[in-house]
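Student: I have a structure I would like to understand better, so I am pasting it below and will then ask my questions one at a time.
Values in this text are rule-based calculations from the coordinates and carry no lab data. Model, not experiment: these values are computed from the prediction. Note that each Cβ is placed from the backbone with ideal geometry, even for glycine, and that neighbours are counted across all protein chains shown.
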Amino acid sequence: MWDMKKNNGINVSFIIFIFVISFLYRFSIPYFYPAALRADEVFQTLEPAHRLLTGHGVTTWEWQAGIRNWLFPDMIAGVWRVTDALGLGHSPLWIQGILCVLSLGLVAVFMALGAIVAGRTGLVACGLVGALWPDLVLGASRTTTEVLGGNLLALGTLLGVVAHALPSAGAFTVSWRRSYDVALYGAAAFFIGCGAGLRFQLMPAGLLALAWMAWWLRRRPAVVALMAVASALPVAGYGLVDLHTSGTFFGSVFRNVHANIGQNIAATYGMAPFYFYIVDLLGRWQVSFAIVAFFFLRGCRQFPMPSAVAGIIILSHSVIGHKEPSFIYGAIPLLLAVAAMRFGEWMDHVPVLRPGHWAMMGLAIMSLSGFVQQNYLARIRNSNALIHLQQVAARQKDLCGLAFPVRGEWAHTGGYSYFSRRDVPIYFADDGPSLAALSGSYNYIITYGRAWSSPPEDSAIACRREFCLFRVAPACTAPPDYDQFSQGMTIYESRIHQGIGKL
């Protein structure tokens, strides 16, 4: 199964090149296309962190109901305190940049597994997939707990595979096994605990990965005990944060289950059939889906542990009525790793000269990832109009209030998080009367450009898609209200999702 005999001469410069390209590619997405593919990226993490930092931030019903844990927002606020102290502001880019750096851990384990399985050919194949596949690139900078938790869980799972594979591949001595692989298994368990704690819905997959590694180590109970402690520590940390903030150990988890299952609030956001995730991946990857599925299925028997963990993530989320594509993100790196390892093995046995191997792999992987990337970039461009216009508004020196009469599109705004230098009150309106009630509170407005009947003195500053930024007054005459957006949005959402009003 594992063969290290072909690893002599692995090019260190290629590994460095992969890391550099991976980071630049990942960071370029939020830098050039600031957008939230899901509203949770802003309103479940950045906004509560911004409120901790400045006292201003949009508070959604989830935070009002106490179904979210404060640990991740508190960590974000801590980073922003440092960047503020350095005079760098508190832009989301600082958080996204750190997440992009952390995501390189996945790229590293992709390359390690490729090298173990198929030497230089496997390293190139898995390295290119880890560096370039669009889901991994876009997921690197996403601030939702399901994506970050999924990355951490996948990193821990694959790191466990590396720890198991290296000694059996014959690359290291028994003394190495008795020392350094303990650290690998401990780190793997820690990352799994971080991911499952951050996103408790990943707990079944995390427990399966830990149980599988414990079976590998059944004759080494001390290492199993270390793994148990390493995985339990971060999970306990999340529980203690809940205890501190709400008075109940894991209180946010209990309230989340009560709200979304007991009161069935999740169903008001839409229900999807059991096969939703397979159809969604097929629609996003198209022809690439068939190729990934082919090599994944060929690799399942050879690499059963990451395959089974990926399957548990998909299956456990498929039985839940409300589905979002990001819910199963943690399965994506595992699916790709198994497929890439099997692809690397296959390429290593193709009767072509060695340089031809790498050229064929590079062309195939870049073509497939580029094809999928086009679909993703189109979605990002369609999602970033309001945040882009908000950034334009933030640069207006006379801005004293910004109104968003955009109804349900509020979820695509940047809240207060995209005011990285100074806070300006933002206002929500869903109809004419609610906007008129805010008269004097704002002097700029972002709304539907073609539908806005602007008087002659209004001036359009910028437009993107169907939205435009208008300057409607020279100054604000009403006192600022930093909580109006939260209040107006909550009233609007409670009319659409009836269960929210009962919390």
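Student: Would you mind checking which residues have amide H under 5 Å from Val406's amide H? H placed 1.01 Å from N; only 5 or more apart, or other chain.
Tutor: Amide H neighbours of Val406: Ala429.
Student: When ranked by the protection proxy of mean other Cβ atoms within 10 Å per residue, highest first, what sequence do the peptides 382-391, 479-488 form?
Tutor: Top to bottom by mean Cβ count within 10 Å: 382-391, 479-488.
Student: Can you list the residues, at least 5 places off or on another chain, whose amide H is less than 5 Å from the amide H of Thr447, using H built in the peptide plane?
Tutor: Hits under the 5 Å cutoff: Cys468, Phe470.
Student: By counting other Cβ atoms within 10 Å of each Cβ, how are Ile332, Ile21, Ile313 ranked from fewest to most?
Tutor: Ascending number of Cβ neighbours within 10 Å: Ile21, Ile332, Ile313.
Student: List the cysteines in the chain whose Cβ has no other cysteine Cβ under 4.7 Å from it.
Tutor: When partners are defined as cysteine Cβ atoms under 4.7 Å apart, the chain leaves Cys100, Cys126, Cys194, Cys300 without one.
Student: Once you keep just the Cα pairs under 8 angstrom separated by 6 or more residues, what percentage relative contact order results for region 1-134?
Tutor: Over region 1-134, the number comes to 35 percent.
Student: Note down the magnitude of the dipole of the chain about its Cα centre, charges +1 on Lys and Arg C-beta and -1 on Asp and Glu C-beta and zero elsewhere, to the nearest 20 debye.
Tutor: My answer is approximately 1420 debye.
Student: Count charges around Gly488 for me, please; just the other residues with Cβ under 12 Å from its Cβ, Lys/Arg as +1, Asp/Glu as -1.
Tutor: Taking every Cβ under 12 Å from that of Gly488, the sum is -3.
Student: Still on this structure: Roughly how big is region 385-502's charge dipole about its Cα centre, with Cβ charges of +1 (Lys, Arg) and -1 (Asp, Glu), in debye to the nearest 20?
Tutor: Once rounded to the nearest 20, the dipole reads 320 debye.
Student: Going through the DSSP H helices of the chain, which span 24 Å or more along their own axis at the Cα atoms while scoring at least 1.0 as a mean Kyte-Doolittle hydropathy?
Tutor: Taking the DSSP H segments of the chain (at least 24 Å long, mean hydropathy at least 1.0), we get 12-32, 92-132, 145-168, 180-198, 221-246, 331-348.
Student: Starting from the amide H of Ala462, placed 1.01 Å from N in the peptide plane, find each other amide H under 5 Å away whose residue is 5 or more places distant or on another chain.
Tutor: The answer is Leu469.
Student: Taking Cα extents along the principal axes in Å as the quantity of interest, determine which of (i) 89, 63, 53; (ii) 104, 51, 34; (iii) 75, 52, 48 was computed from the displayed structure.
Tutor: (iii)
Student: What is the distance, in nm, between label points placed 7 Å from the Cα along the Cα-to-Cβ direction at Ile98 and at Thr83?
Tutor: Inter-label distance under the simple model: 0.9 nm.
Student: Would you calculate the separation in nanometres between label points at Ala293 and Phe274, each defined as 7 Å from the Cα along the Cα-to-beta-carbon direction?
Tutor: Going from the Ala293 label point to the Phe274 one covers 1.7 nm.
Student: Mind giving me the nanometre distance, one decimal, between the label points for Phe17 and Arg495, set 7 Å out from Cα along Cα→Cβ?
Tutor: Once both label points are built, they end up 5.8 nm from each other.
Student: Right, something else. Order these by the 10 Å Cβ neighbour count, fewest first: Cys463, Cys468, Cys126.
Tutor: Cys463, Cys468, Cys126
Student: May I pose another question? Specify which residue in the list Ala394, Ser441, Pro479 is farthest towards the positive end of the charge dipole of region 385-502, using unit charges on the beta carbon of Lys, Arg (+1) and Asp, Glu (-1), about the Cα centre.
Tutor: Positive-end residue among those listed: Ala394.
Student: Right, another one. Mind ranking 209-220, 403-414 by how tightly packed they are, going by the mean number of other C-beta atoms within 10 angstrom, highest first?
Tutor: The densest-packed peptide leads the list: 403-414, 209-220.
Student: A follow-up question, please. Could you rank the peptides 128-136, 89-97 by their average count of other C-beta atoms within 10 Å per residue, with the highest value first?
Tutor: 128-136, 89-97
Student: Based solely on its DSSP helices, what 222 nm [θ] is calculated for the chain when runs of n ≥ 4 H residues each add -39,500 (n - 2.57) and the sum is averaged over all residues, nearest 500 deg cm²/dmol?
Tutor: One gets -20000 deg cm²/dmol as the mean residue ellipticity at 222 nm.
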